[in-house]
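The values are calculated or read from the model by the stated rules, or taken from the named source; none is laboratory data. Nothing here was measured: the structure is a model prediction, and the numbers come from that model. Note: ideal-geometry Cβ built from the backbone for every residue, glycine included; neighbour counts use all protein chains shown. Side chains included, ligands, DNA and RNA excluded: accessible areas come from the protein's heavy atoms. Shrake-Rupley method; radii C 1.70, N 1.55, O 1.52, S 1.80 Å.
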Amino acid sequence: MLADFLKLQVDMVGARAELAASLLGSGMLARVAPVSTTASPVVTIPGFLASEASLTRLNSFLRRQGYNTRSWGLGRNLGPRGIDWNRHLDQVGDRLRASVMAMADETSAPVALIGQSLGGVYARELALRLEDEVDRIIMLGSPTFHPYKSDRHNQVIGRLGYWFNRQTASEFAGRSGLLHWEADHPALPCVAIHSPIDGIVDENACHIPGYLVRHSTPRAPRENIRVFSSHIGMCVSPWVLLAIADRLAADRSDWQPFDPMNYFPDYLDHVVRLVYPDANELWRDKGAAAFMEVNG
């Protein structure tokens, strides 16, 4: 428990540092990040115990880039509060459905959902109910409630969750917590952003399983993006914000993997490889494809 408490403290310090970096580099980030020329609609959803204020930096950044962005409008995310998980999802879904459908009608465009941690779980579930109104899902450190992995999450947060909900993650989610990591359902893009230094949620429970990514279809691409970020700071980290803007701008009909080097000069490749660890695999794949094209 002491180790988890220290991890939580480090994560909080990291989030403050990421916020400072994001604010200091806001002008540069705004210049290099993709923009929306059509005011594409976006709804953001906070993580467990977080208020809508935790989304302020994310929302303001996306608005600056031209997106019509709103938070979920349900206040602080307190989780199921002791009720059955599926019943809770139905309640949240019913309350969010109206606002998402109204936004889709208002803008004549499907809505992108961005959720942090538990908020990303809600985004996944809502997309299953509203495939026609949802454009894509971007999850930030969002877990699957795996009964064999839930004990790897930060136990300090786990205790808080139990105090609020009177049940453990695996108890309130049960087997349903394992669902919806599917290759083509919902039939829209699903992106999981996760971090190797996440101090709250175990990274192994936050990424889409590799076999699902490999078997995803063009109409329903699945993508993992690994970013060096704290858990709490994912909504403010400039590295995460850049990845979010890039994935919001990605063409659904011709989905290409996120390539951070599109935004940095070549001489910074060693820094980019540190911040985006899996970029090494992307570049190896690109190198192999280029070699095959040249050499037949």
Please work out which residue is nearest to the chain's Cα centre (by Cα), limiting yourself to the stretch 3-48 and to residues that are of a type in the set (A, V, I, L, M, F, W, C) and not in a helix (DSSP H, G or I). Ile45
If you go through Asp84, Asp94, the only one that is open to solvent by 70 Å² or more (accessible area, probe 1.4 Å), more than 19 Å from the chain's Cα centre (by Cα) and closer than 21 Å to Pro110 by Cα is Asp94
The condition of being open to solvent by less than 60 Å² (accessible area, probe 1.4 Å), over 23 Å from Ala127 (Cβ atoms) and at pLDDT 90 or above holds, among Ser36, Ser71, Ser60, only for Ser60
For the stretch 50-74, give me the residue count where each residue is closer than 14 Å to Leu118 by Cβ and part of a loop (DSSP other than H, G, I, E, B). 4
Looking at Val236 and the list (1) modelled with pLDDT under 95; (2) farther than 23 Å from Leu188 by Cβ, which single condition is not satisfied? (1)
